[in-house]
Amino acid sequence: VLSRHTPATNGTTTQVPTPVHRPRRLRISPAMRDLVRETRLTPAQLIAPIFVRHGHNLRNPIASMPGQYQMSPDQAAREARELAALGIRAVLLFGIPAHKDPCGSENADPAGIVPQAIQAIKAEVPGMVVISDMCFCEYTDHGHCGVLNTPTRDDFQPQLGEGYLLNDPTLALLAEASIVHARAGADIIAPSGMIDGMVAAIRSALDAAGLSHTAIMSYAAKYASGFYGPFRDAAESPPQFGDRSQYQMDPANAREALREVDLDVAEGADILMVKPALAYLDIIRQVRDRHTLPLAAYQVSGEYSMVKAAALQGWLDEQRIALEMLTAIRRAGADMIITYWAREAAEWLG
Ligand code: PBG
């Protein structure tokens with residue numbers, strides 16, 4: 001029995017130097033590891049996305065995202081209360097409108113789904129930071145993130161100049177809808193459409209409307225990513241033709257992300273965001289090193305669903321993987337993380 005624990009030396013006398021440096025000393029016990037841990041993860045750093053839709057007492061499971069639901073405003077308020085009890089400080093709202101049209105009109109309706117949900121959450125948990133995702137893709141019948149110059153084509157039309165998504169007309173609509181969401185009580189407007197000039201347009205509109213206290217969290221570097229797949233079912237927002245490559249960034253580019261971020265800083269963003277997170281940790285690090293503003297990272301639907309799916313097969317340990325990913329995103333430099341694991345992670349972190 002003893003021999004099982006005795007190194008087999010075969011009687012040889014090979015001389016090896018005794019290590020001078022022994023990093024393992026600091027890993028010897030859970031307490032020691034906790035003492036030297038460089039990156040901490042706490043519920044206050046997590047932001048929970050909530051999908052809201054019209055109705056009452058609704059909690060519809062989202063098939064592509066096990067454990068996530070579309071909720072009516074009353075249920076969103078209940079969810080916010082439970083999240084607050086777990087130490088979560090902020091929620092990010094996505095609305096599924098009653099009607100879609102070419103201009104995404106419901107986004108600017110004071111009786112629209114997101115303003116209703118904001119009011120319900122604020123009435124239930126006044127201290128919760130409510131962030132409104134500001135984009136048109138859930139609200140337009142074509143599923144693109146603004147207004148189009150052609151309803152059905154994604155072929156390149158030089159005479160259309162900037163492409164099918166019209167930039168500046170979309171800015172005006174973003175500004176108008178942002179005022180509505182801020183008046184309903186949103187603490188932060190989070191424009192997610194990668195429209196040129198969106199931060200400046202929203203900032204000046206909010207200020208002119210007497211809403212200078214409302215902050216802007218900009219999806220500053222948002223990539224055209226396959227990782228958004230499950231979300232498009234959740235938010236019922238897939239583009240009906242083409243894709244988002246004319247406005248979201250090419251995954252191959254890093255310098256361009258810094259340019260995008262620099263522009264949003266200059267335009268007055270209060271919080272920056274990089275999205276997705278896992279495949280873009282290098283971008284998170286570069287933005288962290290370059291700017292002093294708070295930095296958010298969005299661990300998107302695909303990052304969540306691929307782990308959920310594998311865990312459901314018994315192929316990996318969900319809790320361990322989720323906390324490892326979240327810690328890695330923090331280590332890369334994110335101050336806060338938007339994550340579908342917010343609730344579970346807060347429970348796991350105790
Ligand atoms: C809307 C928006 C999307 C996501 C956040 N805001 C969809 C998209 O850009 O296609 C994706 C979030 C996720 O995948 O979790 N523009």
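Structure notes:
- Scanning the stretch 219-244 for residues that are of a type in the set (S, T, N, Q) and near the ligand (Cβ under 10 Å from one of its atoms) returns Ser225, Ser237.
- Matching residues in the stretch 332-350 - criterion: being out of contact with any helix residue (DSSP H, G or I) (no Cβ under 8 Å at 6 or more places or on another chain) and closer than 10 Å to Thr42 by Cα: Gly350
- Per the conditions (1) surrounded by fewer than 17 Cβ atoms within 10 Å (Cβ to Cβ); (2) under 17 Å from Ala345 (Cβ atoms); (3) of a type outside the set (Ser, Thr, Tyr); (4) more than 16 Å from the ligand (Cβ to nearest atom), the sole criterion not satisfied by Leu323 is (1).
- Selection within the stretch 285-306 - among the hydrophobic types (A, V, I, L, M, F, W, C), more than 16 Å from the ligand (Cβ to nearest atom) and not in a strand (DSSP E or B): Val287, Leu293
- Residue match in the stretch 197-216 (condition: part of a loop (DSSP other than H, G, I, E, B), modelled with pLDDT under 95, more than 25 Å from Ala80 (Cβ to Cβ) and aliphatic (A, V, I, L, M)): no
- Test for Tyr247: is it within 11 Å of the ligand (Cβ to nearest atom) and either among the β-branched types (Val, Ile, Thr) or in a loop (DSSP other than H, G, I, E, B) (or both): yes
- Checklist (1) modelled with pLDDT under 95; (2) crowded, with 22+ Cβ neighbours inside 10 Å; (3) not charged (D, E, K, R) applied to Asn107, failing item: (1)
- The stretch 310-331, residues that are out of contact with any Phe, Trp or Tyr (no Cβ under 9 Å at 6 or more places or on another chain), touching a residue at least 12 places away in the same chain (Cβ under 8 Å) and over 15 Å from Ile47 (Cα atoms): Leu312, Ile321, Ala328, Arg331
- Filtered residues of the stretch 30-44 (kept if without any contact (Cβ under 8 Å) to a residue 40 or more places away in the chain and assigned to a helix (DSSP H, G or I)): Pro30, Ala31, Met32, Arg33, Asp34, Leu35
The values are calculated or read from the model by the stated rules, or taken from the named source; none is laboratory data. None of the values given here were measured: they were computed from a predicted structure. Every residue, glycine among them, receives a Cβ derived from its backbone with ideal geometry; neighbour counts consider all protein chains shown.
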